[in-house]
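Accompanying notes for the structure given below.
The values are calculated or read from the model by the stated rules, or taken from the named source; none is laboratory data. Since the model is a prediction, treat every value here as computed from it, not as a measurement. Please note: Cβ atoms are built from the backbone with ideal geometry, for glycine as well, and neighbour counts cover all protein chains shown.
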Amino acid sequence: MARRHRKSQGKRFGWLLLLPIGILALLGVWFTLPGSQPAANTPDADVHLLVSMRGWNPDHFEARAGVTVRVMLMTLPEEASHSDNIHSFILKETNTEVYVKAGNSQVFTVVFPGPGTYTFWCLTCCNITSPSPSASFMSGTVTVTQ
């Protein structure tokens, strides 16, 4: 009889362990349901950009006006052998200037004020002061819609 009692205690103990796990799982599902509010600093869109001596990849992306876009600016590890190799993401219309040393990455957010076509470029590595056809491989565009 004592054995049976110990066995039932073990089952109860198991259920007590599973109960908090189940509650946490339900809360996790509830917080991820559509319509739940994101945190204030949560971006609405993500963009991954690779910049190298060969240009941008991709050299075009799309966004919506007024939406927070998180950009991950990445560089090639093999370019890190050049200690002075620094790339940049310059976007005058949003006053965005981000610099990243070769072999590293940088994450930042940008909000486009209105619809239109915006041009971004690398200023530091290629010494470009404004986008031009001769340096088009080091510039890219963003199409922003309403």
- Do any residues in the range 75-90 that are in the same structural domain as residue 139 (by TED's automatic domain parsing) have Cβ atoms under 6 Å from those of residues that are at pLDDT 80 or above and acidic (Asp, Glu), where the two are at least six apart or on different chains, and which pairs are they? 90/97
- Query: Would you say residue 120 is in a strand (DSSP E or B) and at pLDDT below 95?
  - Reply: yes
- Item | Residue that is at pLDDT 95 or above and of a type outside the set (A, V, I, L, M, F, W, C), where the choices are 55, 114 | 114
- Considering only residues of the range 93-111 that are surrounded by 13 or more Cβ atoms within 10 Å (Cβ to Cβ) and part of a loop (DSSP other than H, G, I, E, B), which is modelled with the highest pLDDT? 104
- Item | Check on residue 67, at pLDDT 90 or above, surrounded by fewer than 15 Cβ atoms within 10 Å (Cβ to Cβ) and under 19 Å from the mean Cα position of the chain (by Cα) | yes
